Amino acid sequence: MRLLFVGDVVGGPGRRALESLLPDLRSERSIDFVVVNGENSAGGLGITEKIASGWLASGVDAITLGNHAYKHRDVYPYLDREERIVRPANYPMGNPGRGHTVVERDGMRLGVVNLSGTVFLDAARSAFAEADAVLADLRGKADHVLVDFHAEATSEKVAMGWHLDGRVTACVGTHTHVPTADARVLPGGTAYISDVGMTGPRGGVIGVQKEQALERFRTQMPVRFETSDDDDIWLNAVVIEAGADGRATSIEQLLLPG
Ligand SMILES: [Fe+2]
Ligand SMILES: [Fe+2]
C-alpha cells in the first residue's frame, strides 16, 4: 500500500500546485491512496463544498482538516453528509462532521483519523484518549490507519507518535506549515513525521502576505490577513509505504516546487 499525504493546502496557489502535480505524482509513484489536509484551502482559512467535492471527484480519497474546519458556515451540512472528509475527532460531540472515516480502493480499507493537539490549540478532549477510542472503533474495519495530528507543539506530536507506534500505519503532523526533518518509521512500524509542512506560497509568513504578518508583529494591532501572492509555491507531502500487515516500511518526504 502506497499512500500520499499532502500538507495543509493554502488558498488558490496551494490548490493550483496540488492540482497540477497530483496526476504525475500518483502515476509515477504508484500511489494507492491520496489524503490531503484542506483546512486552509478556501482563501487561506477553512474549506468549501466546491473545493472538497472537486478534489474528491478528481481522485483524492479523503480530506483532513484542523482548527479552521468551521471557518465557512456553508460547509457544515457537507461535513455532516460527506463521509470522506474529517475534522478533529476530539472536538465537542455533536459538532458538524466526523472525526474518523474508512475509505476503500482496490479492496484495501484505509482508516483516516483527524485529531487536534491541546497545547496552544483548543479541543474538547485529550487527543491521546480520543485516539484510543477511535482505534477501538476502527478495529476490524480498516487494513491501514492514517492519523493526521493537527497540533502546534513538536513535543505533543512526538509523544503522539510514541502513543500510536505499532497501532497505526502512519501518524503525520500538520498545522505549523513548516516541514520538519524527522520523518522515519518508528520501531513498532508506524511512519512518523512531526510536520509535513504546507502546500502553498513560501514567500509569505506560513501562507499569509508577509507585509501583513509583519505589520501585526510590529504594531500588535489587528490586521486583515490575505494569502500571499508570491510565486514561490511548493508542495509539501510524504509518501508512506506499508505491507499487508498494516505496518509501514518507509516514509519519504516530498518538497516539490509547484
Ligand atoms: Fe494549516
Ligand atoms: Fe491549523
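A few comments on the model shown:
- Along the axis of the charge dipole computed for region 1-136 (Cβ charges of +1 for Lys and Arg, -1 for Asp and Glu, origin at the Cα centre), the listed residues GLY107, ILE63, GLY46 are led at the positive end by GLY46.
- Between PRO96, VAL238, THR154, the Cα set farthest toward the positive side of the dipole of the chain (charges on each charged residue's Cβ, about the Cα centre) is that of PRO96.
- Antiparallel DSSP beta bridges within the chain, percent to nearest 5: 50 percent
- Using all pairs of distinct alpha-carbon atoms, the Kirkwood hydrodynamic radius of region 1-90 works out to 13.1 angstrom.
- Span per principal axis, largest first, for the Cα atoms of region 94-138 (Å): 39, 21, 19
- Under a Gaussian network description of the chain, with springs only between Cα atoms under 10 Å, the residue in HIS144, HIS72, HIS100 that fluctuates furthest is HIS72.
- Relative contact order [Cα under 8 Å, 6+ residues apart], region 100-258, whole percent: 17 percent
- The chain: translational diffusion in µm²/s, Stokes-Einstein, Kirkwood Rh over Cα pairs, 10 °C, 1.306 mPa s: 88 µm²/s
- Using a cutoff of 8 angstrom between alpha carbon atoms and counting only pairs six or more residues apart, the relative contact order for region 168-251 works out to 32 percent.
- Excluding same-chain neighbours fewer than eight residues apart, the lysines reachable from LYS141 by a Cα-Cα span under 27 Å are LYS157.
- Taken along the Cα-to-beta-carbon direction at a fixed 7 Å, the label points for ARG247 and TYR76 span 4.6 nm.
- For region 118-258, fraction of C-alpha pairs farther apart than 23 Å, in %: 44 percent
- Cα centroid of region 44-113 to Cα centroid of region 169-235, whole Å: 20 Å
- All Cα pairs of region 48-197, percent lying beyond 25 Å: 24 percent
- Charges were assigned to the Cβ only: +1 to each Lys and Arg, -1 to each Asp and Glu. The resulting dipole of the chain about its Cα centre is roughly 320 debye.
Throughout, read-outs are computed from the coordinates displayed, never taken from laboratory work. Predicted model only: the values in this text are computed from it and were never measured. Here Cβ is always computed from backbone atoms with ideal geometry, including for glycine, and neighbour counts include all displayed protein chains.
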